[in-house]
Amino acid sequence: MSDLLDVKGLTCPLPVLRVRKRARDLAAGAALTILATDPGAPRDIQALCETSGLEFVGSREVDGAFEIRIRRPA
């Protein structure tokens with residue numbers, strides 16, 4: 001099961017800041033799906049994961065938005 005965070009319409013740095021805040025509450029092994037329209041969001045969120053111990057699962061473009069999945073390791 002994945003939690004959902006919709007940051008569509010927000011531009012850098014707001015998507016990353018919202019993801020960072022939400023990720024603090026993720027339980028071990030829990031996943032978060034982020035919906036974003038900022039073209040830099042996948043790259044920025046991947047960088048956040050690399051510096052904060054989160055796992056970047058992947059991203060894909062769906063209907064003009066990016067669907068980005070991250071996970072807190074178990």
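The values are calculated or read from the model by the stated rules, or taken from the named source; none is laboratory data. What you are looking at is a predicted structure, and each value in this text was computed from that prediction instead of being measured. Virtual Cβ from ideal backbone geometry, glycine too; neighbours counted across all protein chains shown. The area values use the complete protein model at the heavy-atom level, side chains included, leaving out ligands, DNA and RNA. Shrake-Rupley method; radii C 1.70, N 1.55, O 1.52, S 1.80 Å.
About its Cα centre, what dipole magnitude does the chain give when the only charges are +1 on Lys and Arg Cβ and -1 on Asp and Glu Cβ, stated in debye to the nearest 20? Kindly include the intermediate steps, with their values, before the conclusion.
Values: 11 positive and 10 negative charges, 51 e Å.
My answer is approximately 240 debye.
For the chain, give me the percentage of DSSP beta bridges that are antiparallel, rounded to the nearest 5 percent. Don't skip to the end; give the middle numbers.
Numbers: 13 of 18 bridges.
Taking every DSSP beta bridge with both residues in the chain, the antiparallel ones total about 70 percent.
With the full set of protein chains in place, find how many percent of the accessible area of the chain is carbon and sulfur; take the probe as 1.4 Å.
Numbers: 2220 of 4420 Å².
Carbon plus sulfur share of accessible area: 50 percent.
Under a no-solvent Debye model with one identical scatterer per Cα of the chain, what's log10 I(q)/I(0) at q = 0.15, 0.23, 0.24, 0.28 Å⁻¹?
Calculated log10 I(q)/I(0) at the listed q: -0.40, -0.98, -1.07, -1.47.
Apply the Karplus curve 6.51 cos²θ - 1.76 cosθ + 1.60, θ = phi - 60°, to the phi angles in region 49-63 and return the couplings in whole Hz, x for Gly and Pro.
Using θ = phi - 60°, the values come out as 4, 5, 9, 10, x, 8, 9, 7, 7, x, 8, 8, 9, 9, 6 Hz.
At a 10 angstrom cut-off on C-beta neighbours, averaged per residue, how do the peptides 18-30, 43-55 rank from highest to lowest? Walk me through the numbers before you get to the answer.
On the way: 18-30: 13.6, 43-55: 15.2.
Going by the mean number of other Cβ atoms within 10 Å, highest first, we get 43-55, 18-30.
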